[in-house]
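Below: the structure, in structure tokens.
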Amino acid sequence: MRRQCELGWCAGAAVASAGTGRAAAMVLGVALALGGCSGDGGATGPDPEPPPDGSPEGDLLFLRQAPEAPPLMTRDTTFVATRGEDLKIELYYEPTAGGDDETGDRFLEFELDKESLLRYPSGHPKAGQTFAEGDTITIRIRVDDVALLATLEPSGLAFDADRPAELELRYGNADDDYDEDGEPDPELEDDIDLWRQESPGDPWTRVGELKDANEDRVRAFLTSFSRYALAI
């Protein structure tokens with residue numbers, strides 16, 4: 001599943017959201033088998049990395065939901081991850097009114113494989129200990145009301161660098177007036193990337209490793225949890 005090509009992703013890789021009623025999704029522990037592929041499929045590699053200390057928040061343009069975008073089915077969900085089991089979580093927009101689909105477009109995808117969970121975070125009764133087969137932990141994903149930003153918890157949860165967690169955010173429903181000057185900014189779309197902030201107020205660091213402009217999505221490989229946003 002790692003370092004393969006899939007549907008336009010090149011040079012790397014990573015249904016369900018947990019919730020209730022229509023605001024939920026389907027939590028499935030699945031093994032996603034990806035075959036090799038060729039061709040660029042619209043995918044590009046990451047842009048050059050920013051300086052080690054990251055970029056101040058005021059230097060970035062954070063993507064926002066378009067006014068006409070449907071609401072997300074859920075913005076706050078928790079689920080249980082288990083060492084030894086694959087897991088894939090997806091968060092969706094509401095379906096189009098009058099349509100037959102159960103969900104709208106996908107916004108977020110989070111994936112673990114069976115060996116991803118590595119070490120318990122501080123504050124946990126097993127803080128610092130490594131996960132054994134069958135050990136579990138509750139993970140929470142919260143999505144901002146306006147910005148295309150997700151917070152993943154618990155902070156400090158560590159993943160194996162050889163089997164990292166994978167996070168994908170999509171910007172198909174983003175407001176295309178990225179600089180808020182009243183006009184669309186298609187020339188800025190190539191600069192969209194996924195960024196990480198350790199704690200509120202800290203600089204942001206570019207972490208996007210896979211970008212598929214055809215599908216309006218950026219993916220990153222995670223070794224720990226933090227805040228993640230789509231920005232320019």
(request) Just one of (1) under 20 Å from Leu169 (Cα atoms); (2) of a type outside the set (S, T, N, Q); (3) in contact with a Phe, Trp or Tyr (Cβ under 6 Å, 6 or more places away or on another chain) trips up Arg83, so point out which. (result) (1)
(request) Find the residue count for region 200-223, including only residues that are touching a Ser or Thr at 6+ places or on another chain (Cβ under 8 Å) and of a type in the set (Gly, Ala, Ser). (result) 1
(request) Report the residue count in region 51-105 for those that are modelled with pLDDT under 95 and among the aliphatic types (A, V, I, L, M). (result) 1
(request) Taking the residues in region 86-99 that are acidic (Asp, Glu) and assigned to a loop (DSSP other than H, G, I, E, B) as candidates, determine which candidate is surrounded by the most Cβ atoms within 10 Å (Cβ to Cβ). (result) Asp86
(request) Go through the residues of region 163-184 one by one and say whether even a single one is among the small types (Gly, Ala, Ser) and under 30 Å from Gly84 (Cα atoms). (result) yes
(request) Those residues that are modelled with pLDDT under 95 and either in contact with a His (Cβ under 7 Å, 6 or more places away or on another chain) or hydroxyl-bearing (Ser, Thr, Tyr) (or both), I need them from region 186-225; list them, please. (result) Ser199
(message) Restricting to region 198-207, name every residue that is in a strand (DSSP E or B) and within 21 Å of Gly172 (Cα to Cα).
(response) Arg206
(request) Of the conditions (1) part of a strand (DSSP E or B); (2) within 29 Å of Pro95 (Cβ to Cβ), Trp195 clears all except one; give me its number. (result) (2)
(request) Could you identify the single residue in Glu102, Glu111 that is assigned to a strand (DSSP E or B), under 30 Å from Arg64 (Cα atoms) and in contact with a strand residue (DSSP E or B) (Cβ under 9 Å, 6 or more places away or on another chain)? (result) Glu111
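Residue-by-condition table, conditions (1) at pLDDT 95 or above; (2) more than 20 Å from Leu108 (Cα to Cα); (3) crowded, with 20+ Cβ neighbours inside 10 Å:
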site	(1), (2), (3)
Pro125	yes, yes, no
Arg140	yes, no, no
Ser155	no, no, no
Ala161	yes, yes, no
Leu167	yes, no, yes
(request) Kindly list, by first and then second residue, each pair from a residue in region 208-232 that is surrounded by fewer than 21 Cβ atoms within 10 Å (Cβ to Cβ) and assigned to a strand (DSSP E or B) to a residue that is basic (Lys, Arg) and modelled with pLDDT of 95 or more, limited to pairs with Cβ atoms under 6 Å and residues at least 6 apart or on different chains. (result) none
(request) Could you please find all residues in region 143-186 being part of a strand (DSSP E or B), of a type in the set (Gly, Ala, Ser) and closer than 18 Å to Glu68 by Cα? (result) Ala147, Ala174
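The values are calculated or read from the model by the stated rules, or taken from the named source; none is laboratory data. The structure displayed is predicted, hence computed values, not measured ones. Neighbour counts are summed over all protein chains in view; Cβ atoms, including those assigned to glycine, are modelled from backbone coordinates with ideal geometry.
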